[in-house]
Amino acid sequence: MMFVHLVQLGRVPYAEGLEVQRRVVAARKAGAIGDTLLLLEHPPVITLGRNSSRANVLASDEWLAARNVELHEINRGGDVTYHGPGQLVGYPIVDLRGEWPDKRGPHLGPVDFVRMLEEVLIRTCADFGVLAKRIPKCTGVWTFGGGQGTASLLRPTHDDETVMDGAPERQWLESKTPERKLAAIGVHVSQGVTSHGFALNVTTDLRDFEWIVPCGITDRGVTSLELEATDSAEPTMARAADSTARNFGRVFGRQMLGCGSLEQLLAGAREADGEPKAL
């Protein structure tokens, strides 16, 4: 059975995460390593995808800088998103030309790849008793509306002056709200190899989403597994990572092969470049 390397990196600064992706993507394109799933967590950071609008970042640059919140413009698809503690981030670095389930033609289409990532996360949510779904033309994973959680965030109504004076104003919605976003997805494909990926809110502090209009969507809020899960599920980052890896293997038809570290993963790539393999 074919496999996917699984590397769990812990909490990694966003710039370092970009460099990790660059190294792994280069090794995958060279054929020095197999398909890989990186699971990690980032300190607070706002990212702007190729289709983003700077107007969807509601907090001023000065306000963000004073709180050590980084802002990065990157080459993934999608609009503005937030990463932070308690959010499971996954970077699948795979060659879409491989033998994948339901592949039509010489490679798995990027849209089909995104739909499969959504399926991974829908199944992961189900592992915690949370019913989740897709919404047409709104990439990501969403609750069915109502849900278990008592509150979720919608776009804040403050202006930039309010943000500068202190923490952004909160606007909470009751459980009767429409669907709420559990996970965001944005990918990049180069020479058939994917990068970037998904972000699943596990125990994320949802107040941090007040700094942005998440993915440019103003009529639906965000939520987390912690808010939506049944009392007996107790979602944690470790349990969410295990569930996500297991479901990734099932949806993509691969065995997940744990790798102890990034250096262990890339040892074969260094050897292929003529460097001695680490022992």
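Hey, can you tell me all the residues within the range 250-270 that are at pLDDT 90 or above and hydrophobic (A, V, I, L, M, F, W, C)?
V251, F252, M256, L257, C259, L262, L265, L266
Does R23 satisfy being out of contact with any Gly (no Cβ under 6 Å at 6 or more places or on another chain), buried (at least 19 other Cβ atoms within 10 Å of the Cβ), of a type in the set (D, E, K, R) and not in a strand (DSSP E or B)?
It is false that R23 is out of contact with any Gly (no Cβ under 6 Å at 6 or more places or on another chain), buried (at least 19 other Cβ atoms within 10 Å of the Cβ), of a type in the set (D, E, K, R) and not in a strand (DSSP E or B).
For every residue, the table says whether it meets (1) buried (at least 19 other Cβ atoms within 10 Å of the Cβ); (2) under 27 Å from G31 (Cβ atoms); (3) at pLDDT 95 or above.
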site	(1), (2), (3)
G216	no, no, no
T230	no, no, no
A233	no, no, no
F248	yes, yes, yes
A272	no, yes, no
K277	no, yes, no
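Tell me which residues, restricted to the range 235-246, are small (G, A, S) and open to solvent by 20 Å² or more (accessible area, probe 1.4 Å).
Selection gives A238 alone.
For the range 60-70, check the following and say yes or no: at least one residue is at pLDDT 85 or above and within 30 Å of R250 (Cα to Cα).
No.
Regarding A32, is this residue part of a loop (DSSP other than H, G, I, E, B), within 19 Å of W211 (Cα to Cα) and among the small types (G, A, S)?
no
Filtering the range 121-146 down to residues that are assigned to a loop (DSSP other than H, G, I, E, B) and in contact (Cβ under 8 Å) with a residue 40 or more places away in the chain, which residue is most open to solvent (accessible area, probe 1.4 Å)?
G129
Examine the range 61-68 for a residue that is over 28 Å from M237 (Cα atoms), in contact with a strand residue (DSSP E or B) (Cβ under 8 Å, 6 or more places away or on another chain) and either assigned to a loop (DSSP other than H, G, I, E, B) or free of Cβ contacts under 8 Å to residues at least 60 places away in the same chain (or both), and state whether such a residue exists.
Checked the range 61-68: at least one residue is over 28 Å from M237 (Cα atoms), in contact with a strand residue (DSSP E or B) (Cβ under 8 Å, 6 or more places away or on another chain) and either assigned to a loop (DSSP other than H, G, I, E, B) or free of Cβ contacts under 8 Å to residues at least 60 places away in the same chain (or both).
Kindly establish whether T177 is among the β-branched types (V, I, T), open to solvent by 40 Å² or more (accessible area, probe 1.4 Å) and modelled with pLDDT under 90.
Taking the combined requirement at face value, the residue does not satisfy it.
May I ask you to say which residue of E19, E41, E62 is charged (D, E, K, R) and farther than 18 Å from V187 by Cα?
Within the list E19, E41, E62, the selection yields E62.
Name every residue in the range 69-120 that is part of a loop (DSSP other than H, G, I, E, B), closer than 30 Å to A59 by Cα and either among the hydrophobic types (A, V, I, L, M, F, W, C) or touching a Phe, Trp or Tyr at 6+ places or on another chain (Cβ under 7 Å) (or both), in order of residue number.
Across the range 69-120, the qualifying residues are V69, I74.
In the range 72-83, which residue that is of a type outside the set (S, T, N, Q) and either closer than 13 Å to L18 by Cβ or open to solvent by less than 20 Å² (accessible area, probe 1.4 Å) (or both) is modelled with the lowest pLDDT?
G77
The values are calculated or read from the model by the stated rules, or taken from the named source; none is laboratory data. Values in this document were obtained by computation on a predicted structure and should not be read as measured data. Because the Cβ atoms are built from the backbone with ideal geometry, glycine has one as well, and the counts that use them run over all protein chains shown. These area figures cover heavy atoms from the full protein model, side chains too; ligands, DNA and RNA do not enter into them. Shrake-Rupley method; radii C 1.70, N 1.55, O 1.52, S 1.80 Å.
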